[in-house]
Amino acid sequence: MSLTAELKKYDAYVFDLYGTLIRMKTDEEGLVFWKKMAELYSVYGADYTAAGLRKEYKRLTREEENKLIAETGCVIPEVKLEKVFLRLLTEAKKTHPTAHKIDKNTDELAYYISNSFRFMSRHRMSLYPAVPELLRLLHDTGRRVYMLSNAQAVFTVPEIEQFSLTGMFDDIFLSSDIGVKKPEASFFEKLIKKHSLDPVKTVMVGNDFDVDMGIALACGTAGIHVNSDGLSDRRRAERRCAISAQYGRDTGEIYEVDSIKALYEAIKL
């Protein structure tokens, strides 16, 4: 049976975002980047070296993750990074006086620092070819369309707005809002339950075997692997075997496409 015929079985499409719909490249490790962040914090009186700020960012992130694990019992937590960015400001060990005082409007300040972090670390961001066309086609043919992404809402909401994608989804689930990341099944299960989706008629579309196809197997849905990373046939076969063994499920309903444009062409037929 052709891919086009197979895809007619599914009436709900759930998309990953980064690496699937949006091509993204960031550098959150380099000291040049962290020097810029340290300069930003200095404006508000918090003094860090580049290496010191990077180290403290990682420490506070782990601390927030451990809190979330203790509170919820999740295995793969996703914290709201704006909490970390604000703590880096308010809990800085070394400070100097500034004319600007932190007032009650800390939410706006956390939002500003968070998005400064994002655009300073971002080197590339663009839509893959045929993304809007595919999402419109799915709606036009009566399918429901959702996003399920390991992503920080404070970063991602402005980015999908920039590409005018927000209104193309029936709902958007971001890991920082839910507190858990793929491939932990509970993340996908919340979306399935909220919208009363039939797993047999639902397909997860993503570029990562372990994360996207793994959660599809964990939740009993089909999957479409978009090979945007250019994996070889051998590597893809290896990843199929690995996730099949991990979840104890056959990968017969994990389909392969080379790109979003190829998926669009298959559905359009």
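Here is how the numbers come out for the structure above:
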quantity	calculated
Every residue from region 155-175 that is within 13 Å of the chain's Cα centre (by Cα) and hydroxyl-bearing (Ser, Thr, Tyr)	Thr156, Ser175
Filter result (surrounded by fewer than 16 Cβ atoms within 10 Å (Cβ to Cβ) and among the hydroxyl-bearing types (Ser, Thr, Tyr)) within region 118-135	Ser126
Selected residue [assigned by TED's automatic domain parsing to the domain that holds Asp208 and either at pLDDT 95 or above or of a type outside the set (D, E, K, R) (or both)] from Leu7, Leu53, Leu86	Leu7
Qualifying helices (runs of 4 or more DSSP H) (wholly inside region 1-90; at least 3 residues being under 29 Å from Pro199 (Cα atoms))	3-7, 50-72
Residue match in region 102-109 (condition: under 16 Å from Glu39 (Cα atoms) and not hydroxyl-bearing (Ser, Thr, Tyr))	yes
Lone unmet requirement of (1) in the same structural domain as His139 (by TED's automatic domain parsing); (2) under 21 Å from Tyr111 (Cα atoms); (3) of a type in the set (Val, Ile, Thr) for Val14	(2)
Restricting region 68-107 to residues that are free of Cβ contacts under 8 Å to residues at least 12 places away in the same chain and among the basic types (Lys, Arg), the residue that is nearest to Ile178 (Cα to Cα)	Lys104
Qualifying residue in region 206-213 (condition: out of contact with any Pro (no Cβ under 6 Å at 6 or more places or on another chain), part of a loop (DSSP other than H, G, I, E, B) and touching a residue at least 60 places away in the same chain (Cβ under 8 Å))	yes
Flag if Gly179 is exposed (fewer than 13 other Cβ atoms within 10 Å of the Cβ), over 23 Å from Lys36 (Cβ atoms) and under 23 Å from the mean Cα position of the chain (by Cα)	no
Residues (part of a loop (DSSP other than H, G, I, E, B) and free of Cβ contacts under 8 Å to residues at least 60 places away in the same chain) located in region 214-231	Gly220, Asn227, Gly230, Leu231
Residue selected from region 144-176 under the condition among the aromatic types (Phe, Trp, Tyr) and assigned to a strand (DSSP E or B), by the criterion surrounded by the most Cβ atoms within 10 Å (Cβ to Cβ)	Tyr146
Test for Tyr48: is it surrounded by 17 or more Cβ atoms within 10 Å (Cβ to Cβ) and either assigned by TED's automatic domain parsing to the domain that holds His225 or free of Cβ contacts under 8 Å to residues at least 12 places away in the same chain (or both)	no
Of residues in region 192-246 being over 21 Å from the mean Cα position of the chain (by Cα) and acidic (Asp, Glu), the one nearest to Ile178 (Cα to Cα)	Asp198
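The values are calculated or read from the model by the stated rules, or taken from the named source; none is laboratory data. Everything numeric here is computed off the predicted structure, so don't read it as measured data. Cβ: placed from backbone, ideal geometry, glycine included. Neighbour counts: every protein chain shown.
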